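Worksheet: one structure, shown below.
The values are calculated or read from the model by the stated rules, or taken from the named source; none is laboratory data. The shown structure was predicted, so the numbers you read here are calculated from the model rather than taken from an experiment. Cβ atoms come from the backbone with ideal geometry, glycine included; neighbour counts cover every protein chain shown.
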Amino acid sequence: MNVNQVIKRTNYLDWPEYFMATAFLAAMRSKDPITQVGACIVNGKNIIVGIGYNGMPNGCSDDKFPWQKSKDKLTTKHTYVCHAELNAVLNKNCTDLYGCTMYVGLFPCNECAKVIIQSGIKKVVYLSDKHSYKAETIAAKKMFDVAGVTYEPFSPKNKKIVIDFEEIDWNNMQQCDFSPNKDEVDVLENSLEPLHISGDSNANQ
Ligand SMILES: [Zn+2]
């Protein structure tokens, strides 16, 4: 008898989509009015180990430091903003990023390329290379090529990934085989033996 009558979903996100979407979700946290970039670092087991987006350094107020571009070094955002790639590396929740892959919205600049190389990341997947003509991008690729960091454009399976909090029909979703109602829970709790814990219960506090 075939007990597995229910087949799995087929329209689930694949790993690259999930990681790039995570980078894009992080980018939505950015206060930069012109460019919002997110980055997501993944290890060899498909576990996310770092996420970042472009923003002012910690403690440097989003309201006091400039978001504009200017030729004056002291009043242009470029002097102050930490790029998504840098933040993702610094936010890592593991000791070592060696061999990891970074998913990022925009091709990294030369400064981020240095950070990526030094961190041990070996692959960069990007969505846009719109600054490919710029010296910063050309220099970044030069360094990646020599340092053995590979890079490839992201090709999405789905053009859109939508999160609509109101669309999800929780009433028709079931994680468990059955959901007991309150009366059934009461009966179940009353039938359980009291739990006795021996020894000092505060030993680990
Ligand atoms: Zn950068």
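Beta carbons closer than 6 Å, at least 6 apart along the sequence or on distinct chains, pair a first residue in the stretch 31-49 that is surrounded by fewer than 16 Cβ atoms within 10 Å (Cβ to Cβ) with a second that is not β-branched (Val, Ile, Thr) for LYS31/ASP62; PRO33/TRP67; GLY44/GLY99; ASN46/TRP15.
Taking every residue in the stretch 94-111 that is within 16 Å of TYR151 (Cα to Cα) and touching a residue at least 24 places away in the same chain (Cβ under 8 Å) and pairing it with any residue that is assigned to a loop (DSSP other than H, G, I, E, B) and acidic (Asp, Glu), at least 6 positions away or on another chain, the pairs with Cβ-Cβ distances below 7 Å are PHE107/ASP129. Screening GLY120 against (1) within 13 Å of the ligand (Cβ to nearest atom); (2) surrounded by fewer than 22 Cβ atoms within 10 Å (Cβ to Cβ) leaves a single unmet condition, (1). Determine, yes or no, whether GLN36 is within 14 Å of the ligand (Cβ to nearest atom), of a type in the set (S, T, N, Q) and in a loop (DSSP other than H, G, I, E, B). It is true that GLN36 is within 14 Å of the ligand (Cβ to nearest atom), of a type in the set (S, T, N, Q) and in a loop (DSSP other than H, G, I, E, B).
State all residues of the stretch 85-107 that are within 12 Å of the ligand (Cβ to nearest atom) and out of contact with any Cys (no Cβ under 8 Å at 6 or more places or on another chain); if no residue qualifies, say none. Residues satisfying the conditions are ASN87, VAL89, GLY105, LEU106, PHE107. Does ASN110 satisfy being more than 14 Å from the ligand (Cβ to nearest atom), surrounded by 12 or more Cβ atoms within 10 Å (Cβ to Cβ) and modelled with pLDDT of 95 or more? No.
Yes/no matrix, rows are residues, columns are (1) in a strand (DSSP E or B); (2) within 14 Å of the chain's Cα centre (by Cα):
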site	(1), (2)
THR95	no, no
GLY105	yes, yes
PRO108	no, no
GLU111	no, no
VAL115	no, no
LEU127	yes, no
